[in-house]
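Q: Below is one structure. I have some questions about it.
Each value in this text was obtained by applying a stated rule to the coordinates, not by laboratory testing. Since this is a predicted model, take the numbers as computed values, not measurements. Heads up, the Cβs are rebuilt from the backbone with ideal geometry, glycines too, and the neighbour counts pull from every protein chain shown.
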Amino acid sequence: MEPLIIAAAVLLLFFFAGIRIVRPTHRALVERLGKYHRFASSGFNWIIPVIDKMYVINITEKMINAEPQEIITNDNLNARVDAQVYFKIKSDEQSVKNSQYNVNNIEYQIVNLARTTLRNIIGTMTLKSANSERGKINKELHATLLDETLNWGIEIVRTELKEIDPPKDVQETMNKIVKAENEKIAAVDFATATETRADGEKRAEIRRAEGVKQAAILRAEGEAQAIQLVNEAAEKYFVGNAQLLRRIQAMENSLKDNSKIVVPTGSDLVNVMGEMGGFVPLKKTE
């Protein structure tokens, strides 16, 4: 019984020693005696201890930095360029095998390929065009990496330019240009606002002048109507006696200043005033 128990224990230990659990985010390659044997997907897997060896590969997306570098642009300026590359190993068996057997140190290879590609792309562009055409640079970099890594079993998800920094003196000059442009725009806006305000004031002055003109016209029309009434009164009461009308006007002007006027009794002026006021002068009794 004891040999059977020992044998069972050895077999059980041997079985547990060969258990391998692969996470959903990984795939594995099993090699037997140094030769590729089979592909292991996620979940429970068992290998022969000592004889088999399992290599687990992460298939999730990764980001690597291409590291900053100085690149001479087409206009002979040194630009500091940095980029990031996002990639992942494809989950199928052939892609996983290619990532391990077709390329050595895949991340290092991607970094150097990205740096070389950036030098080739930006070296043909001016600094200004490189800054304004980042999308174009990203597309060219992505397309080149896809083509060059076709047999590596990976997918280049995207590439991103982190920075394209010009030399310090060029940056200062560019900042001055931007500041000058902003000041120019501000000056144009101020001039436009001033012109608009002046135009508004001009229209207001025109309206005020039109108001004064209208008031003068109305005042003149009122005076004309008053003169017309005076003329009608003169025609009614003073036909053929303009001198008497002039006396009444003189008396009216004098009464405005609270002046006293002595009018001789029995004069025509008294009679006229009495008739206009509705009074009849008393006759003198003996």
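Q: What number do you get for region 62-166 when its Cα radius of gyration is normalised by 2.2 N^0.38 Å, N = residues?
A: 1.12
Q: Considering all projection directions equally, how large on average is the shadow of the alpha-carbon convex hull of region 2-58, in square nanometres?
A: 4.1 nm²
Q: Sort the following peptides by mean Cβ neighbour count (other Cβ atoms within 10 Å, averaged over residues), highest first: 184-193, 57-66, 90-99. List each step's numbers first, then the result.
A: Numbers: 184-193: 10.0, 57-66: 15.2, 90-99: 17.4.
So the peptides 184-193, 57-66, 90-99, ranked by packing, come out 90-99, 57-66, 184-193.
Q: Can you work out D for region 47-96 in µm² s⁻¹ from Stokes-Einstein, where Rh is the Kirkwood radius over C-alpha pairs, the temperature is 4 °C and the viscosity is 1.567 mPa s?
A: Values: Rh = 14.8 Å.
Estimated via Stokes-Einstein, D reaches 87 µm²/s.
Q: Hey, with R₀ at 41 Å, roughly what FRET efficiency would Lys53 and Thr116 work out to, going by the Cβ-Cβ distance, to 0.05?
A: Step by step, r from the Cβ atoms, then E = 0.75.
Q: Based on the mean of other Cβ atoms within 10 Å per residue, sort peptides 38-46, 115-123, 194-202 so the most packed one is first. Write out the running numbers ahead of the final one.
A: Working: 38-46: 14.4, 115-123: 18.0, 194-202: 10.0.
Ranking, from highest mean packing down: 115-123, 38-46, 194-202.
Q: 7 Å from Cα along Cα→Cβ at both Asn65 and Trp46: what's the point-to-point distance in nm?
A: Calculated label separation equals 4.7 nm.
Q: Here's a follow-up. Do the alpha carbons of any pairs in Lys90/Lys162; Lys62/Lys90; Lys90/Lys139; Lys162/Lys184 sit beyond 19 Å of each other, and which pairs?
A: Violating the 19 Å limit, Cα to Cα: Lys90/Lys162; Lys90/Lys139; Lys162/Lys184.
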